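Below: one structure, written as structure tokens.
The values are calculated or read from the model by the stated rules, or taken from the named source; none is laboratory data. In this text the structure is predicted, and so the values were computed from the model without any measurement. Note that each Cβ is placed from the backbone with ideal geometry, even for glycine, and that neighbours are counted across all protein chains shown.
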Amino acid sequence: MTIRQNSTLQLETDVLVIGGGLSGTWVAWGAAAQGAKVILVDKGYCGTSGSSAPAGNGVWYVPPDPELREKAMASREALGGYLADRQWMQRVLDQTFENINLVAEWGYPFPIDENGNSQRQSIQGPEYMRLMRKQIRRAGVEILDHSPALELLIDSEGRVAGATGVQRQTGEHWIIKAGAVVIATGGCAFLSKALGCNVLTGDGYLMAAEAGAELSGMEFSNAYGLAPAFSSVTKGGFYSWANFYYEDGTPIEGAGSHRGRGIIAKTLIQQPVYARLDQEGITEEVKAWMRRAQPNFFLPFNRLGINPFTDLFPITLRLEGTVRGTGGLRIVDTTCATSVPGLYASGDAATRELVCGGFTGGGSHNAAWAISSGRWAGEAAAVYARSLGDRIHQRSTRGLGEAGLRGEGQQISPDDVIAATQAEVFPYDRNFFRTGTVLSDSLDRLDSLWKEIRNSVPQASNLLRSREAASMVATARWMYNSGLARTESRGMHKRSDYLETDPNQQHYLISSGLDQVWVKPAGVDRAVEKELVLR
């Protein structure tokens, strides 16, 4: 099937932003501030979709005090396996400080403490994203809601030149020719039902890889968020106040929300785990603060009549993959460009190793990276588009989408492909606790799944679902090939067969490839380019 033949909406722009979340809106604002014409397309509704929109988010906002900045940069270096880059960390801290202060000027109601100081270390997603949508519209950005992209367009010289997609509410197709494209589609949570993650299926990774882009840090992709077993809310900050128990109320020795999460995962393989927010120091004042700071956290409990401060409640670990991991599209310079001309990446769609190495979490560093990289990518994309001059929309283009979009074999169910992929990435004894044998075993099945969907005829009425299925399979293969190549434990990547950190592997792992996935190390200084033979 050729998407172009069924298109009814054809547009031209300087910069096309794919994704309308925390980072995508900053991309759009940054590009528009440079005088570019900008179109933003979102799989959902820009302002309400994505992992940042539904709840509170911490932000790595640190005043420009040398002592405070040094402490902030040093805080997670060891956890991240010493893969972070101090220069990038400083850039992110500077840009985040500037951007958040700008948001305050726009009218975001940051709380005021008892000393009259504005507290800008966190944002409430609904209010923040509502403001960002308003600001980019004021800047002249055209927003196409419920309009997911399906493939990138490329010109005869190999430069990205736009994208095509579908409008979910009408079923009609669109083509947008652009001078530059920014991938701000977020990470991949494999439809695990984690809050706000239903639109995060790795689509941007696949589209970019089809154009020849590389990924980095995909082994750091096994982030699991704590959540009540009856809820999608994976905002886990409050679990630092929790104790964890067996069903009979006996405490689980060593279990914790951070360093003891592995004990929770091991226990969940065998039996249920319960929690209660009952650590010492939780006063009535602290409880009231919690409810104000993260109201969404308490909604599921309120509906079921559970008091999480006094009642045991069952918990689970939901895979958040690269959303709270650090892997994503590799960026090659300070503009957040990918290795493909005309293509940029920001936020969770891009690797966050530069600012937090192999370990991060919800909000904080990820939020700061989304805010800062979004602005850099938007500004750079506008400059690149302007450099094309009058040629910008005179280029002949072709679509790059293949798997889940075009094929000649038998038709298969995308939901079956998704379920089979989830069976490889959800289990704790496959993804949380990794071994070479288990990763290779999963890759055998994932490679077969890829061949199936790569050669299948997509359902014309459900191209988006087919494309999501293909994206999840591709993401899982990059994750596990990278995990197989890193024969050590570093950051969130834990190998049960290689428990120690190997000083000789203090490098990044670059990956890409579709039918044949490849992985190679790149030194922290980006100098090493030696390919690894994996399997």
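For the reader, a short list of remarks on this structure follows.
- Selection from the stretch 477-525 of residues that are among the acidic types (Asp, Glu) and surrounded by 23 or more Cβ atoms within 10 Å (Cβ to Cβ): none
- Listed by position, the strands (runs of 3 or more DSSP E) enclosed by the stretch 299-407 that each have at least 3 residues that are crowded, with 18+ Cβ neighbours inside 10 Å and of a type outside the set (Asp, Glu) are 313-321, 343-345.
- None of 146, 173 is in contact with a Phe, Trp or Tyr (Cβ under 7 Å, 6 or more places away or on another chain) and of a type outside the set (A, V, I, L, M, F, W, C) except 146.
- Flag if residue 229 is touching a helix residue (DSSP H, G or I) at 6+ places or on another chain (Cβ under 8 Å) and among the aliphatic types (A, V, I, L, M): no
- Taken as a whole, the stretch 269-277 holds at least one residue that is among the aliphatic types (A, V, I, L, M), under 28 Å from residue 490 (Cβ atoms) and modelled with pLDDT of 90 or more.
- Number of positions in the stretch 451-463 that are in a helix (DSSP H, G or I) and buried (at least 21 other Cβ atoms within 10 Å of the Cβ): 2
For (1) charged (D, E, K, R); (2) within 28 Å of residue 9 (Cα to Cα), each residue gets a yes or a no:
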| residue | (1), (2) |
| --- | --- |
| 140 | no, yes |
| 157 | yes, yes |
| 206 | no, yes |
| 229 | no, no |
| 238 | no, no |
| 245 | no, no |
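- Residue match in the stretch 428-438 (condition: closer than 23 Å to residue 265 by Cα, part of a helix (DSSP H, G or I) and either of a type in the set (Lys, Arg) or assigned by TED's automatic domain parsing to the domain that holds residue 193 (or both)): yes
- The condition of being out of contact with any Pro (no Cβ under 6 Å at 6 or more places or on another chain), touching a residue at least 60 places away in the same chain (Cβ under 8 Å) and under 17 Å from residue 221 (Cα atoms) holds for only one of 328, 342, 378, 374, that being 328.
- Tabulated pairs, the stretch 33-49, first on the phi < 0 side of the Ramachandran plot, second of a type in the set (A, V, I, L, M) and assigned to a loop (DSSP other than H, G, I, E, B), C-beta under 6 angstrom, 6+ apart or interchain: 38/141; 40/141; 43/199; 44/199; 49/199
- Taken together, the residues in the stretch 363-375 that are farther than 15 Å from residue 181 by Cβ and either not assigned by TED's automatic domain parsing to the domain that holds residue 33 or not hydroxyl-bearing (Ser, Thr, Tyr) (or both) amount to 9.
- Meets criteria (at pLDDT 95 or above and aliphatic (A, V, I, L, M)) for residue 367: no
- Filtering the stretch 231-264 to residues that are under 14 Å from residue 312 (Cβ atoms) and among the hydrophobic types (A, V, I, L, M, F, W, C) leaves 242, 244, 252, 255.
Residue-by-condition table, conditions (1) closer than 19 Å to residue 374 by Cα; (2) loosely packed, with under 14 Cβ neighbours inside 10 Å:
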position: 37; (1), (2): yes, no
position: 47; (1), (2): yes, no
position: 83; (1), (2): no, no
position: 90; (1), (2): yes, no
position: 117; (1), (2): no, yes
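- Checked against (1) surrounded by fewer than 21 Cβ atoms within 10 Å (Cβ to Cβ); (2) modelled with pLDDT of 95 or more; (3) farther than 27 Å from residue 401 by Cβ, residue 122 passes all but a single condition, namely (2).
- In the stretch 166-186, of all residues being out of contact with any His (no Cβ under 6 Å at 6 or more places or on another chain) and assigned to a loop (DSSP other than H, G, I, E, B), the one that is surrounded by the most Cβ atoms within 10 Å (Cβ to Cβ) corresponds to 185.
- Pairing residues of the stretch 76-105 that are closer than 19 Å to residue 118 by Cβ and in the same structural domain as residue 376 (by TED's automatic domain parsing) with residues that are crowded, with 20+ Cβ neighbours inside 10 Å and among the polar types (S, T, N, Q), at Cβ distances under 7 Å and at least 6 apart in sequence or on separate chains, gives 95/372; 96/372; 99/372.
- Positions within the stretch 267-298 being farther than 28 Å from residue 432 by Cα and assigned to a loop (DSSP other than H, G, I, E, B), in sequence order: 280, 281, 282, 283
- Within the stretch 428-442, considering residues that are in contact (Cβ under 8 Å) with a residue 40 or more places away in the chain and more than 14 Å from residue 262 (Cβ to Cβ), the one surrounded by the fewest Cβ atoms within 10 Å (Cβ to Cβ): 437
- Selection from the stretch 116-165 of residues that are in contact with a Pro (Cβ under 8 Å, 6 or more places away or on another chain), over 24 Å from residue 32 (Cα atoms) and not in a loop (DSSP other than H, G, I, E, B): 118
- Filtered residues of the stretch 194-239 (kept if assigned to a strand (DSSP E or B), under 21 Å from residue 310 (Cα atoms) and small (Gly, Ala, Ser)): 227
- The lone criterion from (1) part of a helix (DSSP H, G or I); (2) in contact with an Asp or Glu (Cβ under 7 Å, 6 or more places away or on another chain); (3) surrounded by fewer than 17 Cβ atoms within 10 Å (Cβ to Cβ) left unmet by residue 448 is number (2).
- Residue tally, condition within 17 Å of the chain's Cα centre (by Cα), hydroxyl-bearing (Ser, Thr, Tyr) and in a loop (DSSP other than H, G, I, E, B), over the stretch 21-52: 4
- Against the numbered list (1) of a type outside the set (Phe, Trp, Tyr); (2) in a loop (DSSP other than H, G, I, E, B); (3) touching a residue at least 24 places away in the same chain (Cβ under 8 Å), residue 500 comes up short only at (3).
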